[in-house]
Amino acid sequence: MSQLQAILKYQETDKKLYKLERDLAGSEERKEYLKLKKFLESAPEKLEALEVKATALTAEAESLEKKYAQVEATLSDFENLEELVKGGADISFYRKKAQAKVDQLKKIRAEITALTAVIKETDAEYKKLKKQVISAQKQYPEVSEKYKAVKSAQESERKAIENELTTLSAEVSPELLKKYLTKRKEKIFPVVGELYSGRCPFCSMEPPLVAKSKLGEGIDCDNCHRIIFGE
C-alpha cells in the first residue's frame, strides 16, 4: 500500500472522529458549560478590581471632604469684614477673595457629588456581579454534569475509532503521521488530498515547480497548508 493510500485510509476513519469532536464542540451543553466556566474563572479578578476601584474612590471622596472643610474654614477670616473696612482696608479686594473661596467650595462640592455617584454605581455593579457569581456557582454542578453526560455518551464510539486509527497508523510512515497529526491539531481537516488536474483539491492552487518533484512524498500546499500528493 502506498503512503498516499495509507494516509487517505487513515483520514477516512479519522473523519468519523472529527465528526464526533465537531458534534461535541457544537453541543448546547458544552457551550453552556464553557460559558459558565469562563465566567466563574474571570469573576474573582473582576470583583477584586471593583473592590480596588471602590476603595480608591472612597479615599478620593474623603480627601475632597477634608479639602472642602479646610476651604470653608478660611471663610471665617471674612466675618469681621466691617472692622477691616473701618481700618481702611480695600473692601473690593476682600469681597473678591471671599467670592473666590465660595467658587472654590462650589467646585469641590460638585466634584464630591460626581464622585459619590460613581461610588454608588461601582457598588451596584459589585453587588450585581456578586449575585451573578452566586447564581453561576449554583448552576455549575448541573451544567457540568449535563456536559459530562453528552461527552460520556460518545466515549465508546470514540475509543473504537481511536483503536482503529492506532491499527491504521502502522501503515503510515512516522514522519507523515506526525505531520498529519500536527495539522489536525491546528483544526485543519481534511488534512490530505491528491492533486486534481494538477492543482490542490481543496483550494485549487497549483504547486510551485520546485516542489513538484516531491509530490510523491506529499508536500504542504502554500495556500491552504494541507498535505497534497501527486505523481
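Throughout, read-outs are computed from the coordinates displayed, never taken from laboratory work. No experiment lies behind these values; they were computed from the predicted model shown. Using ideal geometry, Cβ is built from the backbone for each residue, glycine included, and neighbour counts are taken over all protein chains shown.
How far is helix 28-74 tilted, in degrees, relative to the longest principal axis of the Cα atoms in the chain, given as a value from 0 to 90 rounded to the nearest 10? The angle comes out at about 20 degrees.
Ellipsoid fit via the Cα gyration tensor, region 111-172: semi-axes of 54, 16, 4 Å, each the root of five times an eigenvalue, largest first. Between the beta carbons of C224 and D123, assuming R0 = 45 Å, the FRET efficiency works out to 0.25 to the nearest 0.05.
Here the chain is treated as a sphere whose radius is the Kirkwood value from Cα pairs; by Stokes-Einstein at 37 °C and 0.692 mPa s it diffuses with a coefficient of 130 µm²/s.
Using only the Cα atoms, work out Rg/Rh for region 121-216, with Rh taken as the Kirkwood radius, to two decimals. It would help to have the intermediate numbers written out before the result.
On the way: Rg = 24.1 Å, Rh = 18.8 Å.
Using only Cα positions, Rg/Rh for region 121-216 is 1.29.
At the listed q of 0.25 Å⁻¹, the Debye profile of region 1-53, built from one uniform point per Cα, gives log10 I(q)/I(0) equal to -0.90.
Among D220, D14, D103, the largest mean-square fluctuation in a Gaussian network model of the chain, built with springs joining Cα atoms closer than 10 Å, belongs to D103.
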